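Contents: one structure, followed by commentary.
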Amino acid sequence: MAILSTLAMVVQVLSAIGVIVLVLLQHGKGADMGAAFGSGSSGSLFGATGSANFLSRLTAVLATVFFVCTLALAFIANSRTESRTPASVMDAVAPPATAPATPAGEVPAAAPAPAPGNDAPQKSGAPGDIPK
């Protein structure tokens, strides 16, 4: 898989550079690089309109190669991480820490006493008791 990934990356970079060069060479509305290299002349190798069709078709082919390589690289990257990812988001969560167990014979610490100044009446266990 590493060789395929490297090959796809090299083809992607070369096709990207090719698309950039071909877009710059095409004849546009203003003064572009295509005019500097004589692509606007009628006596060129491809004829008056042949170079425009050739360059645009070659640009479309290289753009297609670029997108295919991009999809291939995404597929390769996804297939590599599939085996390492957990089945669920909750599988990656660490289990909660458990409270330390008290040894046999020891009594756990009592609940904290109420804060001083708490004048609320305390309930007693007997039903007929009057709070103080």
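See the values below:
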{"item": "Cβ pairs under 8 Å, 6+ apart, first in the range 57-68 and of a type in the set (Phe, Trp, Tyr), second assigned to a helix (DSSP H, G or I)", "result": "Phe66/Gln12; Phe66/Ser15; Phe66/Ala16; Phe66/Val19"}
{"item": "Residue in the range 32-60 that is modelled with the lowest pLDDT, counting only those that are under 33 Å from the mean Cα position of the chain (by Cα) and open to solvent by less than 80 Å² (accessible area, probe 1.4 Å)", "result": "Ser56"}
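The values are calculated or read from the model by the stated rules, or taken from the named source; none is laboratory data. These numbers come from a predicted model, not from an experiment. For neighbour counting, all protein chains shown are included, and Cβ atoms are generated from backbone atoms with ideal geometry for every residue, glycine included. When the accessible area is computed, the model is the full protein with side chains, heavy atoms only, and any ligands, DNA or RNA have been set aside. Shrake-Rupley method; radii C 1.70, N 1.55, O 1.52, S 1.80 Å.
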